[in-house]
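Asker: Dropping a structure here in structure tokens format, bear with me for questions.
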Amino acid sequence: MVGSDVFRAKFFSLYLPLTLYLVFLLFPFYWMLIVSFKPTNDLFDMKFSPFWIQQFTLENYLYLFQNTDFITWLKNTLIVSIVSTILSLVCSIFIGYALARLRFPGSNFLGLGIFLAYLVPPTLLFLPLAQVISELGLNNTYWALILTYPTQLIPFASWLLMGYFRTIPKEIEESAMADGCSRIQILFRMVLPLSVPGLLSAGIFCFTLCWNEFLYALIFMSSGSMKTIPVGTVSDLIKADTLFWGALMASAVLGSFPIAFIYSFFVKHYVSGLTAGAVKG
Amino acid sequence: MKSHPKKGKERVKLSRRDFLMAGAAGLGVAAMGGLLPDMLLAAKAPAFKKGTKLSILQGSYFIAPSQDLYKRQAQEWGEANGVEMSCDFLNWPDLQPKIAASVQAGGYDIVELWGGWNYLYKDNLVELGDIAEAFGKRNGGWERYVELSYKVGNRCLGVPHGYSNGSMAYRISWFKEAGCPNAEDGNKIDLTWDEYFAIGKKCKANGHPFGQALGHSTGDPPGYCYPYMWAHGAMEVEKDGKTIAFNKPQFVEGMRKFIEGWKDAYDETGTSWDDSNNNRAYLSGQISSTFNGSSIYFTAKKNQPEIAADTHHILIPKGPAGRFYWLDTRTFAILKNSKNVPAAKEYLKWWFEDKQFGDWWRSQEGYMLQPVKKYYTDPVWFKDPKMAPFREQPKYGQNMGFAGPPNEKAAMAWSKYIVVDTFAKAVQGGDAKQAIEWGAEQLKRIYGR
């Protein structure tokens, strides 16, 4: 039968590879989830299959909420991520638009310089930045991260937005200009409403990076309860060579949730924002 | 003393002599009752200017109550002296970048330094010889491993407080099954590396291999590989700190035996293990013996008492050149850029007094090795015979970089895992000579600078 042949061909060329890929991608999350719901003793008991839950427990989540400052870490991470993302997006919109549309001497050089800044690894930057943060008296405050995260976020977001702005036909802006719009008015009334997918992808990129960032959060803001989720999780749930696996995984599950939630809502826009400008029309 | 009967609300009058006599008597009673020091402490006005803050950074404790005790002690001193104290405890691998940032830009007054870091930051640390020497002298002198490493040249840049190290944990029943004599009492077992591998071979044949982390991890891999290297006559460098002494025939022979032992006795996935993997493997019954701190035993006592009952420790095996432990001194040091050096010094002086240090050290129940000889005979060591092998470790302790000084070059070789990688390359490639030649070349690049 022709139909069954088509299905067989599709099964082997499409569904099977996709399923395998899906298993490969989702397995870490599955592992994280089941470990977080297992009692500690079951984790070390080789009699049980490690891939299933023998005995369901919420003790790891309770431990997280009762014995650590997880709620405070969550609050800290949210504040830092949201404010840094907004700050970076605002700066990147102006930079991206200027690089995409304005002609001024050294614009190419400036664009390249911004991109090169993105290539400097944080492991090289953290010591000089520590000096700056200390001089400004911002150690162990939210501002320490809110001001340092954009050093990594703005270059990438600017380039991403620059690519997106270039996909918007110039003619729209020229018509607006003919009707008397200023550059700023064009940016806010024409360009930004047309760039929602680009803004969303830049925003999600910035937020994810802030949410997961470890080194700066460790160096600039990790005293007392001023910890973000990544730093708090490893400093309070790893004691010497002993890891509290259940609670670690519970923290990872809860820490991944906001990012997964955001992605699930905006995934379409995110993809279109990232791929805009990839093909010139 | 004359009596002064009260008349209504008439004030009681004291002559100057009465006052002095009464005061002297009161002080005498208080002193006899042991109250004097407390009274003086309580009566003492805050010794430091208002708003003084001390920030302390150290690695997180495996024994959680000891961490809480340290915080309470710091708080107690802070309240008595009008100083606001804050203590931070970080995951071990994260300690060094945080300290590096503090050295550069401030943030902490007192930091915990691990082996070699006092050399690394020697220009940024306050001299603490007076506190350290008084502490050492009062407690019977330093243990050998501390003596060898707590100073940078003649300068004492931190006060040593011990070291947490590993030993060989093993399953009693599986060692018995493999025919190990005295398996039920690790204190009666004294093995050579060859004998240890031979037991491992039998254990593996019975389905219970040994396990050893050989990945890039700060504790167990170097804690195992350095002693094996020293026990087979090799060192990173000679005493001059320059001449590489790694590629020695005896070590090549020892490495051949190790390659064989790895195949016959060990779980061969250990090349990718870190400090935590062998804990997990041991507690899940996957392996029968491993080099580890007492954390395995303590965790088992808490969560898996049947495994704790079946666990004992033995001293690390000896080789042709003897028995060695890789021990480094951990110190509490004060950063020069601290704005509160006098308060930090006073705090450390107080904390290293017998009461505070003794309480803290004892609360670790043997997890922390003693830095001073007095604690070798402390009752803590006799509470649980299974912990006794840890008590003996300081006798065999050598520092990284031995026979040279435990300086910044030794710290660099350690942080690049050259010795550990030599072992990993040997078992992966199967060529002992080639792996050791590679290691010697890498060491030359560091020590030859």
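Quick note: the coordinates plus some simple rules give every number you see, no bench work behind them. No experiment lies behind these values; they were computed from the predicted model shown. Cβ atoms come from the backbone with ideal geometry, glycine included; neighbour counts cover every protein chain shown.
Asker: Got a sec? How would B:170, B:70, B:226 order by Cβ neighbour count within 10 Å, fewest to most?
Answerer: B:70, B:226, B:170
Asker: Hey, for a label at residue B:264 modelled as a point 7 Å past Cα toward Cβ, could you say which residues of the stretch B:192-233 have their backbone N under 17 Å away?
Answerer: B:192-211
Asker: Cut-off is 10 Å between beta-carbons; in what order do A:243, A:26, B:125 appear when sorted fewest neighbours first?
Answerer: Sorted ascending by nearby Cβ count, the order is A:26, A:243, B:125.
Asker: Moving to a separate point now. Net charge within 11 Å of residue B:158 by Cβ-Cβ distance, Lys/Arg positive one each and Asp/Glu negative one each, not counting residue B:158 itself?
Answerer: Cβ neighbours under 11 Å give a net charge of +2.
Asker: How large is the convex hull of the Cα atoms of the protein assembly as shown per residue, expressed in Å³ as a whole number?
Answerer: Once divided by residue count, the hull of the protein assembly as shown is 274 Å³.
Asker: How much net charge surrounds residue B:220 when only the other residues with a Cβ under 10 Å from the Cβ of residue B:220 are counted, with Lys and Arg +1 and Asp and Glu -1?
Answerer: So the environment of residue B:220 carries a net charge of -3.
Asker: In percent, what relative contact order does chain B have, based on Cα pairs under 8 Å that are 6 or more apart in sequence?
Answerer: Reported relative contact order: 24 percent.
Asker: Using the alpha-carbon atoms, what tilt in degrees (0 to 90, nearest 10) does helix B:129-138 show relative to the longest principal axis of chain B?
Answerer: In chain B, helix B:129-138 runs at an angle near 90 degrees to the longest axis.
Asker: Return the distance in nm (one decimal) between the two label points of a simple spin-label model at residue B:272 and residue B:373, each offset 7 Å from Cα along Cα→Cβ.
Answerer: If labels sit at residue B:272 and residue B:373, their model points lie 4.9 nm apart.
Asker: Under 17 Å from a point placed 7 Å out from the Cα of residue A:183 along the Cα-to-Cβ direction: which residues of the stretch A:75-116 have their backbone N that close?
Answerer: It comes to A:91-111, nothing else.
Asker: Going 7 Å from the Cα of residue A:117 toward and past its Cβ, which residues in the stretch A:131-151 have a backbone nitrogen under 12 Å from where you end up?
Answerer: So the set is A:148-151.
Asker: Report the net charge of residues surrounding residue B:198, where surrounding means a beta-carbon distance below 13 angstrom and charges are Lys +1, Arg +1, Asp -1, Glu -1.
Answerer: It works out to a net charge of 0.
Asker: Can you figure out the FRET efficiency of residue B:147 with residue B:187, using R₀ = 35 Å and their beta-carbon distance, to the nearest 0.05?
Answerer: After rounding, the FRET efficiency stands at 0.85.
Asker: Please compute the length gained on full extension between residue A:170 and residue A:261, using 0.36 nm multiplied by the number of residues separating them and subtracting their Cα-Cα distance.
Answerer: Working it through step by step, the gained length comes to 29.2 nm.
Asker: With angles folded into 0 to 90 degrees, how steeply does helix B:418-429 sit against the dominant principal axis of chain B? Use alpha carbons for both and round to 10.
Answerer: 30
Asker: Just from its helices, what would the mean residue ellipticity at 222 nm be for the protein assembly as shown, if runs of 4 or more DSSP H residues each count -39500 (n - 2.57) and the sum is divided by every residue, rounded to the nearest 500 deg cm²/dmol?
Answerer: Counting only the DSSP helices, I get -17000 deg cm²/dmol.
Asker: Here's a follow-up. Can you pull out the trypsin sites (Lys or Arg not before Pro) in the stretch B:158-240 whose DSSP state is coil and whose Cβ has at most 13 other Cβ atoms within 10 Å?
Answerer: Passing sites in the stretch B:158-240 are B:239.
Asker: Averaged across orientations, what area in nm² does the convex hull of the alpha carbons in the stretch B:326-407 project?
Answerer: Averaged projected hull area, Cα only: 6.8 nm².
Asker: Given R₀ = 51 Å, what would the calculated FRET efficiency be for residue A:192 paired with residue A:58, taking r from the Cβ atoms and rounding to 0.05?
Answerer: 0.70
Asker: Would you please give the residues with an amide H less than 5 Å from that of residue B:52, counting only those at least 5 places away or on a separate chain, with H modeled from the backbone geometry?
Answerer: Excluding prolines and chain starts, which carry no amide H, the hits are B:84.
Asker: For chain B, what is the Kirkwood estimate of the hydrodynamic radius, computed as the reciprocal of the mean inverse distance between distinct Cα atoms, to one decimal in Å?
Answerer: With all distinct Cα pairs of chain B included, I get 24.0 Å.
Asker: Right, next: Under Stokes-Einstein, with the Kirkwood radius over Cα pairs standing in for Rh, what whole-number D in µm²/s applies to the stretch A:60-275 at 10 °C and 1.306 mPa s?
Answerer: 84
Asker: Can I ask one more? Give the angle, between 0 and 90 degrees and rounded to the nearest 10, that separates the Cα long axis of helix B:64-81 from the longest principal axis of the Cα atoms of chain B.
Answerer: 30
Asker: Given points 7 Å out from each Cα along the Cα-Cβ axis, report the residue A:214 to residue A:75 separation in nanometres with one decimal.
Answerer: My value for the distance between the label points is 2.6 nm.
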